[in-house]
1. List the trypsin sites (Lys or Arg not before Pro) within region 80-133 that fall in a DSSP loop (any state other than H, G, I, E or B) and whose Cβ has at most 14 other Cβ atoms within 10 Å.
2. Based solely on C-alpha atoms, express the radius of gyration and the Dmax of region 80-129 in angstrom.
3. Whose amide H sits under 5 Å from the amide H of ILE127, counting only residues 5 or more places off or on another chain, with H placed in the peptide plane?
4. Quick one: which residues, 5+ away or cross-chain, put their amide H under 5 Å from the amide H of ILE146? H built at 1.01 Å from N.
5. Rounded to the nearest 0.05, what FRET efficiency do CYS135 and ASN110 give with R0 = 30 Å and r taken as the Cβ-Cβ distance? Could you check?
6. Based on the Cβ-Cβ distance from ASP122 to ARG99, what FRET efficiency comes out when R0 is 30 Å, to the nearest 0.05?
7. Using modelled amide H (1.01 Å from N, peptide plane; none on Pro or chain starts), what sits under 5 Å from the amide H of ILE116, excluding residues fewer than 5 places away?
8. Going down the table (LYS63/LYS121; LYS114/LYS154; LYS63/LYS142; LYS118/LYS141), which pairs top 24 Å between alpha carbons?
Amino acid sequence: MKKFLFPNPGFTFFVVVYFSFLISVFIVLFLGFDYVPKNTGIIVVGIVILISVFLFYDFILNKKVYIDHSGVYFKSLVRELYFPWEEIEEIGIVEMSRRARFLCFSKMKNETGKQITKLSKDHIYLIPRRSLIECIQMYWKKDIIIIDQTDYDKFFRLK
């Protein structure tokens, strides 16, 4: 069983560094002003750090997809989905607002290889990456549907 986080690991690292920077700046600004009591500043900074850690965990780290010989399993804080390989009709790239591309596992035909306006709760989405595609191809013998040549060049062509 192979586990994939919803976002790309590089993106996760960027978000951790970004939140750490924001929290550090917030701490310096709050504790640096003389007219704010230190206890109030420490309490507010603590609350902000706790909220940031919870949101980071909930929205970034807590979404996992497991892929093995039996199927694809999605698990988040509030939702779980399981798609056995036999029930998956197609796997392919979907595009959202010309900027974001996701790999979509669908139990219905003609749901991938196109632009979408919102993510459906009946599909499993992942940010595509080469290691994910290679893992899927171990179990999925059909074609993975792409939108255009850039998808092929980025995810399927050997380096």
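The values are calculated or read from the model by the stated rules, or taken from the named source; none is laboratory data. Owing to the predicted nature of the structure, the values given are computational and were not obtained by experimental measurement. Quick reminder, even Gly has a Cβ in these numbers, built from the backbone with ideal geometry, and neighbours come from all protein chains shown. Only protein heavy atoms, including side chains, enter the accessible area calculation; ligands, DNA and RNA are left aside. Shrake-Rupley method; radii C 1.70, N 1.55, O 1.52, S 1.80 Å.
1. ARG98, ARG99, LYS109, LYS118, LYS121
2. Gyration radius and largest Cα-Cα distance of region 80-129: 10.4, 31 Å.
3. Amide H neighbours of ILE127: LEU103.
4. Here the answer is ILE93, since their amide H atoms fall under 5 Å of that of ILE146.
5. Details: r = 25 Å, r/R0 = 0.82.
Between CYS135 and ASN110 the formula returns 0.75.
6. That gives a FRET efficiency of 0.85.
7. Result for ILE116 returns GLU95, MET96, SER97.
8. LYS63/LYS142; LYS118/LYS141, as the Cα separations exceed 24 Å there.
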